[in-house]
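One structure is given below, encoded as structure tokens.
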Amino acid sequence: MFRKTRLYTPGPTPLLPAAQFAMAAADIHHRTAEFRALYTRVLAQLKEFVGTENDVLMLSCSGTGAMEASVSNLTSPGDRVLVLSGGKFGERWVALAKAFGCVVDLVSVPYGETFDLEVVKAAVKPDTKAVYLQGTETSTAVRHDVQEIAAAVRAVQPEILVVVDAITGLGTTHFDVDAWGVDVLIGGSQKAVMIPPGLAYLSVSDRAWAAMDASKNPRYYFDLRKERKNAKNGESAYTPAVALIAGLGAALDYIAGQAGGNLAEGRKLLVDNAERCAAMTRAGLVALGFTLFAPTAPAAAATAVAVPEGLDSSAVVKEVKARFGAVIANGQGEMKGKIFRIAHLGFFDYMDTIALLGALELVAKDTLKLPVKFGQGVAAAQEVFANSK
């Protein structure tokens with residue numbers, strides 16, 4: 001049987017063909033009028049995609065580079081910060097904050113859960129400089145309520161900086177960055193914008209810019225003030241990822257094109273598509289007898305699924321790839337072997353969702369020995385789709 005490789009992973013995600021063509025044709029020097037025009041256009045598009053009036057910058061790095069920048073640029077050694085952690089990427093915030101000498105107060109919840117707002121409020125101190133959290137914790141497929149958390153911490157400490165890793169949240173969750181008072185919101189290229197890894201982007205509020213002037217942590221490549229200064233002239237501070245920026249422009253054009261050229265409306269459609277595919281997947285998996293790992297706060301970026309006791313999720317990951325060429329993700333860290341994850345962000349649609357559920361019916365029946373009747377997972381997903389707007 002022929003097998004076509006398909007990515008169902010929460011990054012990298014499937015590539016948009018139009019972006020691939022744009023990247024292949026991006027033979028542009030980065031200190032030319034042609035590139036300045038491209039760079040300026042893409043930065044303006046990113047502001048619409050994020051949905052903010054704040055500055056938006058691009059960095060040639062993975063999302064972790066932007067996470068590091070949001071620590072090094074906003075804090076000084078000895079500053080107190082609050083980290084909300086519910087998985088591997090929350091733990092990354094802890095490591096980054098400690099690497100730059102911050103005093104870290106931690107609110108931690110078990111993998112698969114989200115935060116109690118009263119516990120969060122109790123953890124805010126009068127001298128807490130910033131709170132760092134995920135919009136979506138990709139390792140567990142949990143979505144955190146950024147709006148409620150931002151309001152809760154500001155009720156205790158009005159000047160606190162709110163920094164959100166939305167690397168898988170952007171394009172899968174409706175954010176109102178300015179209304180919620182999010183000071184830094186971080187995205188990554190290998191997620192909902194459907195291009196390869198290598199670009200991070202972030203929105204930065206006026207309050208965050210003011211904090212940078214007082215920060216005493218060392219910065220060089222990730223000095224956001226340099227990027228801001230250069231961006232005003234249509235340039236990056238250092239050699240940019242030219243091809244990726246061309247691909248990002250094409251991807252944002254495509255998203256806008258889904259809504260008649262309106263990028264803000266296209267972003268909403270992108271989020272709604274992820275929500276629909278996620279809801280279809282959850283319904284199909286439950287119908288097959290699987291247990292959702294994060295049923296109370298499920299993300300639209302990905303769905304995490306627990307395997308029956310005594311089984312290893314690695315077997316599901318391997319079987320889906322070996323039989324059908326589909327790549328899904330295992331659990332990370334302490335969850336490896338306990339859950340598998342299926343992505344819905346970016347270039348996924350109804351057909352992708354139905355195809356994977358059909359494959360999982362066979363794996364559930366043959367590998368996991370679940371009492372599956374063919375079509376029951378697909379039928380449940382069809383019901384969700386038929387009843388969606």
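Non-local amide H neighbours of R80 (under 5 Å, H modeled in plane, Pro and chain starts lacking H): which ones?
Under 5 Å from the amide H of R80 lie the amide H atoms of V103, K129, each far enough along the sequence or on another chain.
Please report the net charge: other residues with Cβ closer than 14 Å to the Cβ of G325, K and R +1, D and E -1.
It works out to a net charge of +4.
Compute the length gained on full extension between N262 and F374: take 0.36 nm times their separation in residues and subtract their Cα-Cα distance, giving the result in nm to one decimal.
36.2 nm
Can you tell me, using C-alpha contacts under 8 Å and at least 6 residues apart, the relative contact order of the chain as a whole percent?
Relative contact order for the chain comes out at 23 percent.
Taking the chain as the reference, fit the longest principal axis to its C-alpha atoms, fit the long axis of helix 33-50 to the helix C-alpha atoms, and give the angle between the two in degrees, 0 to 90, nearest 10.
So the inclination is approximately 70 degrees.
Relative to the longest principal axis of the C-alpha atoms of the chain, give the angle of the C-alpha long axis of helix 350-366, reported between 0 and 90° and rounded to the nearest 10°.
50
How high is the FRET efficiency between R219 and K125 when r is their beta carbon distance and R₀ equals 41 Å, given to the nearest 0.05?
Step by step, r from the Cβ atoms, then E = 0.95.
Rounded to whole Hz and in sequence order, give me ³J(HN,Hα) for segment 312-328 from the Karplus expression 6.51 cos²θ - 1.76 cosθ + 1.60, θ = phi - 60°, writing x for Gly and Pro.
10, 5, 4, 5, 5, 4, 5, 5, 4, 6, 5, 8, 10, x, 8, 10, 10
Show the residues, 5+ positions off or on another chain, whose built amide H is closer than 5 Å to the amide H of S139.
Long-range HN contacts for S139: K88, F89.
Loop only per DSSP, at most 16 neighbouring Cβ atoms within 10 Å: give me the GluC sites (Glu not before Pro) in segment 152-240, ordered by residue number.
Filter output for segment 152-240: E159.
Can you list the HN-Hα couplings for segment 82-93, worked out from phi with the Karplus curve (6.51, -1.76, 1.60; θ = phi - 60°), rounded to whole Hz and with x for Gly and Pro?
Working through the residues one at a time gives 10, 10, 9, 10, x, x, 4, 7, x, 5, 5, 4 Hz.
Could you give the nm distance between label points at A179 and E53, where each point is 7 Å from its Cα heading toward the beta carbon?
Each label point is offset 7 Å from its Cα along the Cβ direction, giving 1.4 nm.
Each residue of segment 226-238 in order: what ³J(HN,Hα) in whole Hz does its phi give by Karplus 6.51 cos²θ - 1.76 cosθ + 1.60, θ = phi - 60°, with x for Gly and Pro?
5, 5, 4, 4, 6, 4, 4, 9, x, 9, 9, 5, 10
For a quick protection proxy, order the peptides 260-266, 186-192, 281-287, 124-130 by their average other-Cβ count within 10 Å, most packed first.
Per-residue mean Cβ counts within 10 Å order the peptides as 186-192, 281-287, 124-130, 260-266.
At a Cα cut-off below 19 Å, give the lysines reachable from K88, other chains included and same-chain residues fewer than 8 away excluded.
Reachable lysines: K98, K191, K336, K338.
Readers should treat all values here as calculations from the given coordinates under stated rules, not as data from a laboratory. Keep in mind the model is a prediction, meaning the values are calculated, not measured. Don't worry about glycine lacking a Cβ; one is built from the backbone with ideal geometry, like all the others, and counts go over all protein chains shown.
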